[in-house]
Amino acid sequence: MNRLFLDLETYCDILITDGSYRYAERSEFLLAGWAWNEEVVQIQESSTGLQELCDSADEVVIHHSMFDRIQLGAWRITLQVEKIFDTMACAYEHALPGSLDDLAAFFKIPGKSPEGKKLLRLFCKPRPKNQKLCRATKRTHPEEWERFREYCRQDVAVMRAVWHRLPKFNFSPFERALWCADQRMNDRGVYVDIPFVSGAVTAWNREQRKLAEEAVVLTDGILSATTQRDGTLAFLFDTYGVLLPDLTKETVQQTLSDPTLDPVVRALLENRVSYTQNTAAKYKRLQASVCPDGRLRGAFQFCGAQRTGRWAGRLFQAHNLARSSVKSPQIERYIAAVKAGVLDLLEEDVSSALKNSVRGCLIAAPGKKFVVGDLSNVEGRKAAWLAGEKWKLEAFWAFDAKKGPDLYIRSFAKAFGRDISSVTSSERQIGKVLELSMGFGGGVGAFVKMSANYGVDLSSLVKVPILPRIRAESEAFLAWLLSKGAPTHGLSAPVFVAVESLKRVWREANPRIVQYWGELESAARSALTHPGTWYSARTVEAVLKNGCLLLRLPSGRFLCYPQASRTGEGIRYYGPETYTRKWVRLATWGGKLFENITQACARDVFAVGFLRAEQQNYPTVMMVHDELVAETPDTSDYSTAGLIECMIEVPPWCKGLPLAAAGFETYRYQKDDS
């Protein structure tokens, strides 16, 4: 095969954080490093001849190819997506670091210059404004330029070495086709209501000034804004005797729930809630990242959730948009007020209005419409299918056939031996939190956290009738925790016992799932003890190869746990820490393995539907969790039913999976009001 390894160095006065597509609007060629197969790396200072190189190659290996491909396109050099092998995408497919530096460190590949980042800052970005020289070039910095050339040469050599070391079993023909479709989706982009976005930024800037002025008045000038964390905590304690451990969302919400709270303290905390909402950042990010034709591109990262292979959001972060608490007509009124510049005159809570409206930034292009399809509780269905929890599978089949209530009602009824017709709406909500928090080994802490998200009053749980045996077991467990000085999540004894009892009744109602946690952990531990030998846990198989724990999913794709080892009865592997994103040694266990497998299998089902939708001319512009958003001509030839048909055809490797989806058509992105 004629394989070309390619790397570009560019200059631009647009920030790369605004996205590859925006960057390409004014990017300038600096250097290209390239090599055929195992030949010597070449460096050229002109883009001349790059088209011939790309045309001559059977395969072009690039790290983070979206960036290089988009820059080449801006210079009228065509490189087909189908020709590219992206080492970053391949790394993500195998749960490895995405950056070339981190991959080189992981594989212990020498050659990366520690001066590289400094040289990139020197030549690829404008110089600081306080310097006379606005830009460094070959002419102004000849010695550094020679080192920059060498840096580019090293990058190609290291990328080639990484390519040789990368596992490639997950970059199957199906996954390559999926990645190509992902690239086309990102190229397509989604249309943005720019007047609304600009108006929202203006409205938020005015609201910030108002909130700051309010903080000054409430504190007699001691605070200039409630964004001052330490100052706010000190003021609340010194002036009102209110001692808070922090100002996290959970702490503030819990404090605000106290009906006896001093009005000034309440006003300050509500001020902080409004001030610290990250919604404004989304509007500003859209404003900075949208392309001249009004479309946002590059907002989705293939296999960005490296453990499971799910897509991750970039730039606008469509995956963590707040769910609106108002219906579409009200959102349209908010949007109209923003565009007219009068939102603050019509709405007292500007930040809440902007938060509720943020999805509305994304609209179908003129003459087009959005066709939206959303898989219904695909993770819950997949978990039941994987574990063989028969009653749950039957519940899903019945619900889809409109012959019974939803799973949350059935879950509460089964756990407490109740008739399904007697379950109230508040009890259904408890059933929902139970299902979402307990399915992967969660306990009291998981239930408490999920309850806050879904508005379940923990104090009301003490009234839920519990079998005496379960209550006695829960009380004994609490006594044991207290004797060990273990945390009880800040709950009173009656509330802790109530939540612990809920956990126990859920587990008794779901024996196949609970048993499966242990089976998965046992298979993984056995695989770590006996490298190269396969161990089965129902439809999943585990093996240790080259230091990597592999879990083969029903689709044939593998979950990867690099540098896995067994320590005592525990399982450890190399991966990104949740909050810092630093790569460290992490621990996992049966419930967590089941969570990863369930999410990964749900992703595989979703991916099949995505490709099928593309083939049936439903061009996807967004994928948010289990939701596909296609932008189609505004005609009856394209319908929700047509998209859903693509999404719910069960792949042959998961026969018996109850799969369903719902959807709607719209011109402005939203959540279904129905």
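Give, rounded to the nearest 20 debye, the magnitude of the charge dipole that region 335-472 has about its Cα centre when Lys and Arg contribute +1 at Cβ and Asp and Glu contribute -1 at Cβ.
On the way: 20 positive and 14 negative charges, 112 e Å.
Rounded to the nearest 20 debye, it is 540 debye.
Can you give the accessible area of TYR191, probe radius 1.4 Å, in Å² rounded to 10?
For TYR191, the solvent-accessible surface is approximately 60 Å².
In deg cm²/dmol and to the nearest 500, what is the mean residue ellipticity at 222 nm of the chain if only DSSP H runs of at least 4 residues count, each as -39500 (n - 2.57), divided by the residue total? Provide the component values of the computation, followed by the final result.
Numbers: 26 runs with 321 residues, N = 674.
Taking each H run of at least 4 residues, the total per residue is -15000 deg cm²/dmol.
Based on Cβ point charges of +1 for Lys and Arg and -1 for Asp and Glu, what charge dipole magnitude is obtained for region 562-605 about its Cα centre, in debye rounded to the nearest 20?
200 debye
Restricting things to Cα coordinates, could you compute the convex hull volume per residue of the chain in Å³?
196 Å³
About its Cα centre, how strong a charge dipole does the chain have in debye, to the nearest 20, once Lys and Arg get +1 and Asp and Glu get -1 at the Cβ?
Details: 86 positive and 78 negative charges, 185 e Å.
Charge dipole of the chain: 880 debye, to the nearest 20.
Semi-axes of the equivalent ellipsoid for region 179-232, please: Cα gyration tensor eigenvalues, times 5, square-rooted, ordered largest first, whole Å. All intermediate terms of the calculation are to be shown ahead of the outcome.
On the way: eigenvalues 335, 51, 4 Å².
One finds semi-axes of 41, 16, 4 Å for region 179-232.
Kindly report, to the nearest 10 Å², the accessible surface of ASP55 as traced by a 1.4 Å probe over protein heavy atoms only.
ASP55 has an accessible surface of roughly 90 Å² with all protein chains in place.
Add +1 for every Lys or Arg and -1 for every Asp or Glu among the other residues with Cβ under 13 Å from the Cβ of VAL650, and state the total. Before the final figure, lay out the partial values.
Values: positive: ARG381, LYS382, ARG612, LYS655; negative: ASP400, ASP604, GLU645, GLU649.
Summing Lys and Arg as +1 and Asp and Glu as -1 gives 0.
Which of the lysines could a cross-linker span from LYS463 if the Cα-Cα distance has to be under 25 Å and same-chain partners fewer than 8 positions apart are dropped?
Filter leaves LYS414, LYS432, LYS449, LYS503.
Pick out, from THR666, LEU491, VAL326, the residue whose Cα sits farthest towards the positive end of the charge dipole of the chain, with +1 on the Cβ of Lys and Arg and -1 on the Cβ of Asp and Glu.
In the chain, that residue is LEU491.
Separation between the ARG3 and HIS141 pseudo-spin-labels, each 7 Å from Cα along Cα→Cβ, expressed in nm?
Reported label-point gap for ARG3 and HIS141 is 3.4 nm.
How many percent of Cα pairs in region 250-325 exceed 18 Å? Display every interim value, and only then the final one.
Numbers: 1702 of 2850 pairs.
Here the tail beyond 18 Å accounts for 60 percent of pairs.
Could you sort PHE606, PHE664 by accessible area so the largest value comes first, with the probe set to 1.4 Å? Can you show the working numbers first?
Numbers: PHE606 5, PHE664 30 Å².
Sorted by accessible area, descending: PHE664, PHE606.
In terms of the Cα gyration tensor, with a ≥ b ≥ c the square roots of its eigenvalues, is region 505-595 rounded because a/c is under 1.5, prolate because a/b exceeds b/c, or oblate? Don't skip to the end; give the middle numbers.
Values: a/c = 1.72, a/b = 1.23, b/c = 1.40.
Since a/c reaches 1.5 but b/c is at least a/b, the shape of region 505-595 is classed as oblate.
How do LYS210, LYS592, LYS249, LYS108 stack up against each other in accessible area, from largest to smallest, with a 1.4 angstrom probe? Write out the running numbers ahead of the final one.
On the way: LYS210 95, LYS592 70, LYS249 130, LYS108 165 Å².
Accessible-area ranking of LYS210, LYS592, LYS249, LYS108, largest first: LYS108, LYS249, LYS210, LYS592.
For region 65-131, rounded, prolate or oblate, judged on the Cα gyration tensor with a ≥ b ≥ c (square roots of eigenvalues), a/c < 1.5 rounded, else prolate if a/b > b/c?
On the way: a/c = 2.72, a/b = 1.13, b/c = 2.41.
Oblate shape, in that a/c is at least 1.5 and b/c is the bigger or equal ratio.
Can you list the equivalent-ellipsoid semi-axes of region 591-645, largest first and in whole Å, using the square root of 5 times each Cα gyration tensor eigenvalue? Intermediate results must be reported in sequence, preceding the final value.
Numbers: eigenvalues 152, 18, 14 Å².
They are 28, 10, 8 Å, listed largest first.
Of PHE67, ALA57, PRO110, which is farthest along the charge dipole of region 48-114 in the positive direction, counting Lys and Arg as +1 and Asp and Glu as -1 at C-beta?
Farthest towards the positive end: PRO110.
Over all distinct alpha-carbon pairs, what is the Kirkwood Rh of region 163-278 in angstrom?
On the way: mean 1/r = 0.0551 Å⁻¹.
The Cα-based Kirkwood calculation yields 18.1 Å.
Where a ≥ b ≥ c are the square roots of the eigenvalues of the C-alpha gyration tensor, would you call region 1-123 rounded, which needs a/c under 1.5, or, failing that, prolate if a/b is larger than b/c, or oblate? Each step should come with its number before you reach the end.
Working: a/c = 1.33, a/b = 1.06, b/c = 1.26.
Because its axes are fairly even, with a/c under 1.5, region 1-123 counts as rounded.
For PHE174, what accessible area in Å² do you get when you roll a 1.4 Å probe over the heavy atoms of the protein chains, rounding to the nearest 10?
80 Å²
Please report the spacing between the Cα centers of region 414-431 and region 540-615 in Å, no decimals.
First find each Cα centre; the distance between them is then 34 Å.
Under a 1.4 angstrom probe, counting protein chains only, how are ASP58, ASP193 ranked by accessible area, largest first? The partial results should precede the final answer.
Values: ASP58 90, ASP193 10 Å².
Of ASP58, ASP193, the descending order of accessible area is ASP58, ASP193.
Whole-Hz ³J(HN,Hα) for each residue in region 114-128, computed from phi via Karplus 6.51 cos²θ - 1.76 cosθ + 1.60 with θ = phi - 60°, x for glycine and proline: what do you get?
x, 8, x, 5, 5, 5, 4, 5, 5, 9, 9, 10, x, 6, x
The values are calculated or read from the model by the stated rules, or taken from the named source; none is laboratory data. Small disclaimer: the values here were computed from a predicted structure and weren't measured. All Cβ positions, even for glycine, are placed from backbone atoms using ideal geometry, and neighbour counts span all protein chains on display. All accessible areas refer to the heavy atoms of the entire protein, side chains included, with ligands and DNA or RNA removed. Shrake-Rupley method; radii C 1.70, N 1.55, O 1.52, S 1.80 Å.
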